[in-house]
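Peer 1: The structure that follows is given in the form of structure tokens.
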Amino acid sequence: MTMQHPRTNTPQAQPTQAQPTHAEPTIHVIRHAQGFHNIDPSCTVRDPYLTTLGLEQCATVQRNYRHIIPSVDAILCSPLRRTIMTALLCFAPAIVEGGKIPVLRPELQEVGPHVFNTGSPLEELVKEFGGAINVEGLPPNWFQTTEGQSEDESLLLRRATSARNTIRLHARHQMVTNPQDCHIVVVSHADFIPYLVDDFASEFYENVEIRSYKFQHGVFSEEGSAGLVETADSKARRGFDKGNGPSQSLKVSINIPILRNLPMPPPSNRLTFRPLFLSDLEAYHSLRRQPEVVRNGCLTEPDKDLEETRKYYERTEKPRDVRLGIFLKGLEGHEGELIGEGGVVVIPDEWPQPYYMFKKEHWGKGYATEFLKAFLTYWFGLPTRKAWNLQKLRRIKRDIVLESKLTEEKKLRLRVFL
């Protein structure tokens, strides 16, 4: 029996010809809402759904997106569940009232062969979402291709170029009926979007963040890369350079660890380490309610109650950070009391920074030194990939001037992460 899929006309490349007067279309790129893998970096669920917070984020976008996107002419979407759900919930009015069914495109899937990035078979998606999705361009084995999930730089760049050309074709198709104010929505993922928009300098997209772009050479150009440039309005929405104008920068190539599907770090003599989960919430709260601990850790005030600790946990668990609970090693190596937290956080426009904090009653026992030695050994053993970091020239000049005054901690940080 032949399975019936909902279909629409797929735009085809047209011969170059004189084009009528038109306004350039706007491409609005949005990252999916919070998924379960975003709050549990060791998530082993294939193609996970959105969390409750993710659903709330979608509801907020649905109420407010028209302030950014006055009309939706087409929706292109990664075929993973979290992006499909984001598209359907965020832009429900355009889908229900305007018939703008999300078109699933394999080029927009996330980077990395991890279980939470592994999509669902075509038949499952059709059974689950039915006529709410257009699967015409989705092969049955779309999630099994080597190129689709590859972290190879050349394959990623090629996939991003293919995705932009697909977006350009859809934009041309939509401009037949709306040549003056065409808006295309693209729903994708945090690690792939920088390749899609060719921007490795800006901050990572937050969940359901929307940024807007135009085609660099125009929608009817035959230029092969179909490059995108962010609009002035989009930059203004996110406080681009905080109104100080363009700043001189250097683009620096570095090798950084791949912070996905991480192996567990080995224990040290007296400590064991693993990611914190919601089941650790009470023990984590006992750490974060100590005033001396949080203030010494460059935070503000201790958590007032368990709910405040929960909100902090959900807000700070990001795929690009490494946050580990530090436990005492019990008898026969079993896990004992949670006495601290440590790892690496990524701050926009900065190098990754190590951190740690311990309960006050465990200060002065050498645990911090023991943790750092074990963690750095673990960090250097992680697989790496090439990445770009944009460093402001004024900051580099400042550091050169102050080089003779660098603290030992900063020198260690530079040795570890440069």
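Peer 1: Take the residue pairs Lys100/Lys235; Lys311/Lys360; Lys329/Lys359; Lys235/Lys311 and return only those whose Cα atoms are more than 21 Å apart. Show your work: numbers first, answer last.
Peer 2: Numbers: Lys100/Lys235 27 Å; Lys311/Lys360 23 Å; Lys329/Lys359 16 Å; Lys235/Lys311 28 Å.
Checking Cα-Cα distances, Lys100/Lys235; Lys311/Lys360; Lys235/Lys311 exceed 21 Å.
Peer 1: On to the next question. Taking the Cβ of Ile75 as the center, what net charge do the other residues with Cβ under 14 Å away carry, scoring Lys and Arg +1 and Asp and Glu -1? Display every interim value, and only then the final one.
Peer 2: Values: positive: Lys100, Arg105; negative: Asp73, Glu97, Glu136.
Surrounding charge for Ile75 is -1.
Peer 1: Beyond 20 Å, how much of the Cα-Cα pair distribution for the range 138-232 remains, as a whole percent?
Peer 2: On the way: 1872 of 4465 pairs.
Here the tail beyond 20 Å accounts for 42 percent of pairs.
Peer 1: Tell me the Rg and the Dmax, in Å, that the Cα atoms of the range 44-117 produce.
Peer 2: Over the range 44-117's Cα set, Rg and Dmax evaluate to 13.1, 38 Å.
Peer 1: Moving on. Quick one: how many Å² of Phe327 are accessible to a 1.4 Å probe, rounded to 10?
Peer 2: Surface open to solvent at Phe327 totals about 10 Å².
Peer 1: For the range 107-151, report the accessible area per residue in Å² (1.4 Å probe, heavy atoms, rounded to an integer).
Peer 2: Details: 1710 Å² over 45 residues.
Counting only protein heavy atoms, the per-residue value for the range 107-151 is 38 Å².
Peer 1: Here is a further query. For the charge dipole of the range 78-165, defined by +1 on Lys and Arg C-beta atoms and -1 on Asp and Glu C-beta atoms about the Cα centroid, which residue among Leu156, Gly130, Leu89 has the Cα displaced farthest towards the positive pole?
Peer 2: Of the candidates, Leu89 comes out farthest on the positive side.
The values are calculated or read from the model by the stated rules, or taken from the named source; none is laboratory data. What you see is a predicted model, and the numbers here were worked out from it, not measured in a lab. Heads up, the Cβs are rebuilt from the backbone with ideal geometry, glycines too, and the neighbour counts pull from every protein chain shown. The accessibility values were calculated without ligands, DNA or RNA, using every heavy atom of the protein model including side chains. Shrake-Rupley method; radii C 1.70, N 1.55, O 1.52, S 1.80 Å.
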